[in-house]
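The values are calculated or read from the model by the stated rules, or taken from the named source; none is laboratory data. Just so we're clear, the structure is a prediction, and the values are computed from it rather than from any experiment. Here Cβ is always computed from backbone atoms with ideal geometry, including for glycine, and neighbour counts include all displayed protein chains. The accessibility values were calculated without ligands, DNA or RNA, using every heavy atom of the protein model including side chains. Shrake-Rupley method; radii C 1.70, N 1.55, O 1.52, S 1.80 Å.
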Amino acid sequence: MELSLLRSRIFAPLRPVSSPCHFRRPPSRAFFPPQPPPPSQEDMGCSRAMRTRQEWVGDWVRSNDTLVRGLPIFIGGVSLLAVLLNRAVSGIAAVSDASSSQSRADILTLALSVTDILAGLVWLSIRPKSISPVVPRGVDCKRVDPDVSTSALHELLWAWDSLMAATCCKSLVVVYGGNCILQIGVAASTPEDGKAVNVDAQKFIQGSLYTSAIESKKQSYLANLALYPGRTELPFLPANTQALILQPIGDKGIAVIGGDTIRGFTNLDQAWIAMIADKLDATLSKS
């Protein structure tokens, strides 16, 4: 009996071993940082009051520019006189003594006073150059290519009116398809009869200004035209043109925009002019 029991245990079928339990991680949740509370009315009032105070200080400094620039001279002079008066009244010897703390303090005060006076002199001698519009020297001109369609002409005149009203633009020349299709605004005058100088489109196209603008396909802004040697390539513009924008019109043309103020075209103006050029390109390419 024991033998049969032992045999039954040995030859008993094996039971499958159950696999260990696998714990699943809970699904991860997105972490959102806590949002700051909205500013209260008191904080907004303090910020507005601080901004108003800063604007008031800035306006006062601009309106009293000479006084602010001369303030270091006044402070340095008063400090210098105070040191000398203190030296005379206190009965200290006029010769400085290195072992005396009062003498060392007076020397430092004198050095600071002289520094203030020199700083004030520098502030008064260096002043920013005021930039103001100039009156272009030339004659009024309005020349339109007769081959331009009516719709394209309306677009060109709209662009001119918009630029003249919203920017410092005083002269506009549009060269498209190898021809000058528009010359409007103030133009340089000929010495013989005083008429507006014609735009030689072929000569202008061969110049470096036109070539570089077309190859780069980007707007070129000459903020101070007098500093650029390429000014000689624009004989049709007034001699005292202050700023210039060369705006490509697609791949076939360019707009030459002359202004009456140094650095007169803002970043917003430049972006707006680029959008006008895209609009003109879409119109001129269809005409």
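Each residue of the range 199-209 was assigned a 3J(HN,Hα) from its phi angle through the Karplus expression (A = 6.51, B = -1.76, C = 1.60, θ = phi - 60°), giving 8, 7, 4, 5, 5, 5, 5, 7, x, 6, 5 Hz with x at Gly and Pro.
Between the amide H of S171 and those of V186, G258, distances stay under 5 Å, these residues lying 5 or more places away or on another chain, with hydrogens modeled in the peptide plane. Taking amide H atoms as placed 1.01 Å from N in the peptide plane, the amide H of L237 lies under 5 Å from those of A188, each 5 or more residues away in sequence or on another chain. Atom-type composition of the exposed protein surface of the range 132-270 places 54 percent of the accessible area on carbon and sulfur (1.4 angstrom probe). Which net charge results when you count Lys and Arg as +1 and Asp and Glu as -1 among the other residues whose beta-carbon is under 15 Å from that of D260? Combined, the nearby Lys, Arg, Asp and Glu give +1. When Rg and Dmax are taken over the Cα atoms of the range 159-227, they come to 13.5, 38 Å. Between the amide H of G177 and those of G253, distances stay under 5 Å, these residues lying 5 or more places away or on another chain, with hydrogens modeled in the peptide plane. Within the range 175-287, what is the number of lysine pairs with alpha carbons under 14 Å apart, leaving out pairs fewer than eight places apart on the same chain? Number of lysine pairs found: 4.
What does the charge add up to near R143, with Lys and Arg as +1, Asp and Glu as -1, over the other residues with Cβ less than 14 Å from its Cβ? Write out the running numbers ahead of the final one.
Details: positive: K142, K195; negative: D140, D145, D147, D200.
Neighbourhood net charge equals -2.
Using a simple spin-label model with pseudo-atoms 7 Å out from Cα toward Cβ, S220 and L124 lie 4.6 nm apart.
For the range 115-194, taking the reciprocal of the average inverse distance between every pair of different Cα atoms yields a Kirkwood hydrodynamic radius of 16.1 Å.
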